[in-house]
Amino acid sequence: MPGVTVPRILAEDRDIKACLMTFQPGDTLRDLCLTHEDHQPYLRQAGRWLAAYHRGTFQQNRRFQPRFMARHMLHLAGQMTAGERRIRGQDRFIQLAHLVQDFVADHEGRESRVAAKHGDMNCHNILIDGKDVAGYDFMPISHAPVGYDIARLLLNYAVTAADLTAIPDGHLLPPKAITAFFDGYDFVGPDDPGVQFLLRIQLLTDWNRTSNRKGAQALVEFERLKIIAERAFGATSA
């Protein structure tokens, strides 16, 4: 697709996990959103790139099975309750891990699409230069519902740069941000079961991972995660 690309790898050393790629001009989605008030053009561009990637690696349509991910969250909550694991804000995490079970039935068995998973789809790994968009820093190839990459990217955007005051109750992102992204991403829509369910799973996953991170930036991101969680689950946690 014109304007959508991946930097070409020129050399690779798997022993030291390094590679040399062609130079790709542009600014990251993260930097553009942090330095511009209107994020919509950049979210649209990111959506266009990710749709092209998923369309080009499409494997099959498949019934979505959220119960396994929901059970994993209960497993983590059980470890915390038993004192086997400790994270920041774990009492609230345990509550949310149980609340997410309420969303399983609405998404179980609905059809989604499976494609190659980028694996580390965040705002650092999208470069935008005018109408040209590139993605890079892929994880080893695997296939999954496209909602995995979408949820990872959109939640990273929310934690990084979104206006959290614009998120309505029951949602994880501002409506304008969702609309802009799916103006570019046309492989599935925002009602895809993987997108809807995995956004909440990604929130809990990122919450759990903050226990391994230190420093001011990690604390800032954690506080933003807590705000997003209250928006997303607030209406169901009374």
Proximal lysines relative to K176, as straight alpha-carbon distance under 22 Å, when same-chain residues fewer than 8 apart are discounted: K131, K226
Neighbour cut-off at most 12 other Cβ (10 Å), DSSP loop, trypsin sites (Lys or Arg not before Pro), the range 99-185: K131
Simple label model, 7 Å out from Cα along Cβ direction - R86 to I9, nm: 4.1 nm
When the convex hull of its Cα atoms is projected in every direction, mean area for the range 85-129 (nm²): 6.3 nm²
As computed over the range 108-209, the Cα convex hull volume per residue (Å³): 124 Å³
Cα gyration tensor of the chain - equivalent ellipsoid semi-axes, whole Å, descending: 29, 20, 20
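Laboratory data are not the source of any read-out in this text; all were calculated from the coordinates shown. Quantities reported herein were computed from a predicted structural model and do not represent experimental measurements. A quick note on method: Cβ atoms are made from the backbone with ideal geometry, for glycine too, and the neighbour counts reach across all protein chains shown.
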